[in-house]
1. Taking every pair of alpha-carbon atoms in the stretch A:84-219, what share in percent sits in each 5 Å bin, from 0 to the bin with the longest distance?
2. Please order B:THR32, A:THR263 by the number of other Cβ within 10 Å, starting at the fewest.
3. Output the DSSP H helices from chain A with an along-axis C-alpha extent of no less than 27 Å and a mean Kyte-Doolittle hydropathy no less than 0.5.
4. Taking 29 Å as the cut-off for C-alpha to C-alpha distance, list the pairs among A:LYS101/B:LYS186; B:LYS125/B:LYS186; B:LYS57/B:LYS247 that go past it.
5. Comparing A:ILE241, A:ILE169, A:ILE157, which has the greatest mean-square fluctuation in the GNM of chain A with Cα pairs linked when under 10 Å apart?
6. Which order results if B:PHE190, B:PHE154 are arranged by neighbouring Cβ count within 10 Å, fewest first?
7. Taking the dipole about the Cα centre of the protein assembly as shown, with the C-beta of Lys and Arg at +1 and of Asp and Glu at -1, give me whichever of B:LEU165, B:TRP179, A:PHE293 is farthest to the positive side.
8. What net charge is computed for the residues neighbouring B:LEU41, neighbours being all others with C-beta under 14 Å from the C-beta of B:LEU41, Lys and Arg scored +1, Asp and Glu -1?
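None of the figures in this text is laboratory data; all of them are computed from the coordinates on show. All figures in this text were calculated on a predicted structure; none of them were measured in a lab. All Cβ positions, glycine included, derive from the backbone under ideal geometry; neighbour counts span all protein chains shown.
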Amino acid sequence: MSATAAEGWIRKNQEQNWLTRLLDWKPFLVVMCLLPAVALLMVFLTYPLGLGIWLAFTDTTIGRSGVWVGLENFEFMMEDPIFWNAVFYSVFYTAVATVGKFGLGLWLALLLNNHLPFKSFLRAIILLPWIVPTVLTAIAFWWIYNPQFSIISWVFIELGLRDSNIDFINTAWPARWSLIGANVWRGIPFVAISLLAGLQTISPSLYEAALLDGSTGWQRFRYITFPMLLPILAIVMTFSIIFTFTDFQLVYAITRGGPVNSTHLLATLAFQRGIAGGQLGEGAAIAVSMIPFLVFATLFSYFALARRKWQQGESND
Amino acid sequence: MSATAEAPPAPSSAAAPPETLSWDSRSRRMVTIWVPLACFLLILLFPFYWMSITAFKPNAELYDYNTHNPFWITSPTLDHIRLLLFGTSYPRWLLTTMTVAICSTVLSLIASTLAAYAIQRLRFKGSQYVGLAIYLAYLVPPSILFIPLATVVFQLGLFDSPIALILVYPTFLVPFCTWLLIGYFKSIPFELEECALIDGATRLQILRQITLPLAVPGLISAGIFSFTLSWNEFIYALAFIQSSERKTVPVAILTELVTGDVYQWGALMAGSLLGSLPVAIFYSFFVDYYVSSLTGAVKE
């Protein structure tokens, strides 16, 4: 018995042929492991990013490869009031929606941080707006904002607060605010759940010490909760800013940039010019003009991370 | 006897001041916690309620708020859902979306597991820079990529094909999953792998038999996150798919059901509801993984 077992063991050991040895050779294994991810990202992310920047300097249209036209696309954009309106609304949309999302999200996170019954159930249903496809909830908002059959208008009229239907999306400024409202609605859960995770890492002993020192609720928030939450707040905010600034779905689904181009974000304008209008070069130029904003947001994230390491007493590497 | 008769009032009078105090704090708690929380829940969930109720309302009630209370249905109907399932290619769109979501999830899980293992466990020179590059890739939003990607997809001959979506979705799934799994692999003790190495296991055996089984919760989190993200994706599907029957659900509802001047609100809402259900059901099974992956990825 023991002899056959030993024989089997020896044979298994000899089985390591060149392929097994190659797969166990570390440099080869590293390359093999990284290859799928790196290849996918190179072909469908890095290359298109470079191609997009190149396209921005050409007059490519759908079905015709363009020639180098230098800064012509950008010069045209500089004189285009619709582009400047999109820049203005992108910045305005991002700023107002971020303030709204983080104000309300932080409040919701603080509420959820109390001892509540059904806590995990509450957390689960609060995340619902965030996991359901944006376009589908946008369609629900489109129906809620309907000029004739808006349920919000109906409630206000029934309560006697208004005489006529509220105009949500048929004129410029109400449409802008309505879109921001929908974006805030969708963003609150993500912010609240992320910040809740941050809140739960704060040690209760800090609050006890502050209570013994006779602090007020506001002081505890201002000098304990907020500074301890700052690192995670900075990261979540960077993500939120990047994805709000480049938002496409909500605007495309609810207003398609209308009325009269007043609610175009840079992404929807790029889509309208580049894909729907066929002017790939011009669309790419509009898309590329978002990059400076994104670089700014990323740097913000980087310095927030560095600050976090410094707070934890690690070296800055 | 008298002592026992006297006994009961004494504790109640003694307990009176704390009780009023506790009542006071309870009402205070009511105002500061429960009322705002209820408002949040009402606002966050109302669009779903409105979506569902519209999907089952007959048209007569849908456009007449004066004789019917809009918050309730008097005679629910399945007409909108029937129209959706039998009058349009909705089942086809669902199938396409499901296939694209599952394939791109599997593809990106394989790619990101290998990448995360290489970065976190094989520790080669410059592995931290590769990790940083993948993190940066997550910060590149689809909105600036879709125009050049459309030309790339066209050159590859994949325009108007769901395969294009399966190949393109990993661009935002792989960075996220890799990032999540790096954090997960970090939590698995290195000693386990060292033991296996001493016992003569090859690197691939270690990955397959030790690291992966321990990382199953992380893989589930990454998987469900990828599935929901690819189910929800919109801009690539809108830009790369032209023919009606190959569209994904979010795109198809918006472009195929909204035709002409008269919107079929009942069918639109039924489509949104049915399109949200798979993700919502999927989510409800794995909600804990979902929350932990969301918060884990933020904390990492």
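1. Answer for the stretch A:84-219: a P(r) of 2, 9, 13, 15, 15, 15, 12, 8, 5, 4, 2, 0 percent.
2. Numbers: B:THR32 14, A:THR263 26.
Listed from fewest to most nearby Cβ atoms, that is B:THR32, A:THR263.
3. A:81-112, A:172-200, A:291-311
4. Values: A:LYS101/B:LYS186 32 Å; B:LYS125/B:LYS186 18 Å; B:LYS57/B:LYS247 27 Å.
Result: A:LYS101/B:LYS186 exceed 29 Å.
5. It is A:ILE157.
6. Fewest-to-most Cβ neighbours within 10 Å comes out as B:PHE190, B:PHE154.
7. Ranked along the dipole, the leading option is B:TRP179.
8. Once all neighbours under 14 Å are counted, the net charge is +2.
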